[in-house]
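Asks: Below: one structure in structure tokens.
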Amino acid sequence: MDEVPNPWFSWDYLARNSDEVLRQLGIHTTLTLQAILIAAAVALPLAMLARRVPRLAAPIMGVSGVMYTIPSFALFALLAPFTGIGRTTVLIGLVVYALLVLVRNTLVGLEGVDADVVDAARGLGYSPTRLLLTVELPNALPSILAGLRIATVSTVALVTVGVVVGYGGLGQLMFRGFQSDYRAQILTASIMCLLLALILDLALVLLGRVAMPWMRRRRAA
């Protein structure tokens with residue numbers, strides 16, 4: 001009896017399942033973007049608070065670090081009884097994991113602003129809010145962007161773990177492929193994850209060039 005072909009890549013699989021692949025890719029992409037946006041919206045105020053009140057820096061970083069060390073499978077399982085099975089549970093978990101990277105990089109960026117530049121702005125009469133928005137945050141952007149890139153790529157990978165609560169995007173395809181030993185399904189989902197991470201990372205690099213034109217001039221000089 002001939003062995004049934006089980007290739008690692010199959011155009012036939014893509015042709016027959018393109019709708020499902022694109023649907024899961026859409027879920028994977030929206031989950032990633034939503035998690036990063038929410039995490040950034042939470043991380044930025046926390047980092048600014050830690051910058052303004054140094055005694056809060058250790059507790060903020062400590063809590064973020066503890067949450068980051070919880071294994072993803074365990075975190076999703078712990079959240080499920082309270083938030084249910086599905087998107088909400090996965091989204092909360094992804095935000096929790098992105099927080100540490102974003103808070104840390106934002107705080108490092110703010111603390112790394114040249115003290116002479118800050119003193120000069122204060123000497124010109126800048127209020128704390130104006131100082132933050134026009135001096136500290138622009139100078140911290142390279143570090144913030146680096147954190148966003150790391151958090152985004154790691155979130156793309158973590159979305160697949162959401163399969164444990166039935167909402168893992170491309171992880172659903174991987175899981176089904178492992179269950180049926182269908183190599184083409186496993187590899188297709190893996191390649192899609194890789195391409196998504198590369199595309200989002202490239203988009204952030206381009207966004208950084210637009211948001212920080214002075215960095216291009218500095219490199220050229």
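Asks: Taking the condition of being touching a residue at least 24 places away in the same chain (Cβ under 8 Å), of a type in the set (Val, Ile, Thr) and closer than 26 Å to Glu136 by Cα, how many residues in the stretch 63-114 meet it?
Replies: 7
Asks: Take Gly123 and decide whether it is under 30 Å from Gly62 (Cα atoms), modelled with pLDDT of 80 or more and of a type outside the set (Phe, Trp, Tyr).
Replies: Here the answer is no, as Gly123 does not meet what is asked.
Asks: Filter the stretch 187-221 for residues that are at pLDDT below 85 and among the aliphatic types (A, V, I, L, M) and give the result.
Replies: Val210, Ala211, Met212, Met215, Ala220, Ala221
Asks: If I ask for residues that are surrounded by 18 or more Cβ atoms within 10 Å (Cβ to Cβ) and part of a loop (DSSP other than H, G, I, E, B), which ones from the stretch 70-117 would you list?
Replies: Val113
Asks: Follow-up question, since we're still on this one. Ala140 fails exactly one of the following numbered conditions: (1) at pLDDT 90 or above; (2) farther than 24 Å from Ala74 by Cβ; (3) not β-branched (Val, Ile, Thr). What is the number of that condition?
Replies: Going through (1) at pLDDT 90 or above; (2) farther than 24 Å from Ala74 by Cβ; (3) not β-branched (Val, Ile, Thr) one by one, Ala140 breaks only (1).
Asks: Having 2 or more residues that are crowded, with 17+ Cβ neighbours inside 10 Å is the bar; report the helices (runs of 4 or more DSSP H) wholly within the stretch 128-221 that clear it.
Replies: 137-159, 170-180, 183-211
The values are calculated or read from the model by the stated rules, or taken from the named source; none is laboratory data. Model, not experiment: these values are computed from the prediction. For neighbour counting, all protein chains shown are included, and Cβ atoms are generated from backbone atoms with ideal geometry for every residue, glycine included.
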